[in-house]
Amino acid sequence: MKPLPLDKAFTLIEPGPVVLITTHDGHSQNIMTLSWTMVMDFAASFAITTGPWNYSYAALVKSRNCVISIPAIDQIDTVVGIGTCSGQQVDKFAKFNLTAVKAQHVSAPLIKECLANIECKVVEVIERYNIVVLEGVAAYYNDARQEKRMIHAVGDGTFIADGRKFDRKTMMRSKLPDGV
């Protein structure tokens with residue numbers, strides 16, 4: 001083993017997949033790219049890390065809801081493009097040719113072109129750590145989509161796509177919730 005600078009340690013366990021968070025502040029919708037996410041349990045509980053430095057944060061806190069949209073690897077340039085411009089100056093749906101779909105339970109829109117969408121309510125904002133705790137209220141999966149590999153950020157400007165699955169459900173049955 002050779003030493004790794006501590007400020008690079010996060011690149012070893014950067015979570016995934018990269019997601020797009022949509023918001024609506026009552027006047028306009030926006031999208032932000034986010035790679036710091038966490039599944040909190042087997043239920044639809046999630047946490048994301050964001051704060052006032054992101055234009056979408058004010059809408060997220062004000063509306064108390066969002067949609068987690070999960071893009072596939074064929075959308076990588078769109079995902080990076082969304083993450084490198086601000087919704088304060090740009091309509092990201094128009095700029096990146098994305099279709100906003102009205103959600104059933106939240107004001108933020110789903111993204112039609114994504115592999116999956118999860119409508120979420122904000123449960124708690126932990127300002128000290130810039131963590132937003134979310135509860136999923138509806139989920140959608142686009143099974144007809146050809147490309148299904150998700151994008152994972154390494155954290156240094158490089159990305160990895162999901163690959164082959166290894167099924168160990170039988171071995172893990174005692175630890176999985178019913179129906180999984």
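The values are calculated or read from the model by the stated rules, or taken from the named source; none is laboratory data. In this text, all values refer to a predicted model and were calculated from it rather than measured experimentally. Cβ coordinates were reconstructed from backbone atoms using ideal geometry, including for glycine residues, and neighbour counts include every protein chain displayed. The protein model used for the area step is the full one, side chains on, heavy atoms only, and it has no ligands, DNA or RNA in it. Shrake-Rupley method; radii C 1.70, N 1.55, O 1.52, S 1.80 Å.
Per residue, how much accessible area does the chain have with a 1.4 Å probe, in Å²? Don't skip to the end; give the middle numbers.
Values: 11140 Å² over 180 residues.
Computed with neighbouring chains in place, this is 62 Å² per residue.
Please tell me the relative contact order of segment 106-172 in percent, rounded to the nearest whole number, where contacts are Cα pairs under 8 Å and at least six residues apart. Spell out each step's value before the answer.
Working: 70 pairs, mean separation 14.6, N = 67.
Relative contact order, segment 106-172: 22 percent.
Quick query: amide H of Arg149 versus all other amide H atoms, modeled in the peptide plane; which residues come in under 5 Å with a sequence gap of 5 or more or a different chain?
Ile73
May I ask you to derive the FRET efficiency for Arg164 and Phe42 from their Cβ-Cβ distance with R0 = 35 Å, giving the value to the nearest 0.05? Walk me through the intermediate numbers first.
Working: r = 24 Å, r/R0 = 0.68.
So, using R0 = 35 Å, E works out to roughly 0.90.
Normalised by the number of residues in segment 62-180, what is the relative contact order in percent for Cα pairs under 8 Å and 6+ residues apart?
Details: 167 pairs, mean separation 29.9, N = 119.
Relative contact order for segment 62-180 comes out at 25 percent.
What is the Cα centroid distance between segment 133-176 and segment 6-75, reported in whole angstrom?
Taking the Cα centre of segment 6-75 as reference, the centre of segment 133-176 is 15 Å away.
What's the Cα-based Rg to Rh of segment 1-158, Rh via Kirkwood?
0.96
Show me the GluC sites (Glu not before Pro) within segment 124-176 that DSSP assigns to loop and that have at most 15 other Cβ atoms within 10 Å of their Cβ.
Details: sites: Glu124, Glu127, Glu135, Glu147; in loops: Glu147.
In loop regions of segment 124-176 (DSSP not H, G, I, E or B), the sparsely surrounded GluC sites (Glu not before Pro) are Glu147.
Apply the a/c threshold of 1.5 to the C-alpha gyration tensor of segment 79-163 and tell me whether it is rounded, prolate or oblate.
Numbers: a/c = 1.23, a/b = 1.08, b/c = 1.13.
In terms of gyration-tensor shape, rounded.
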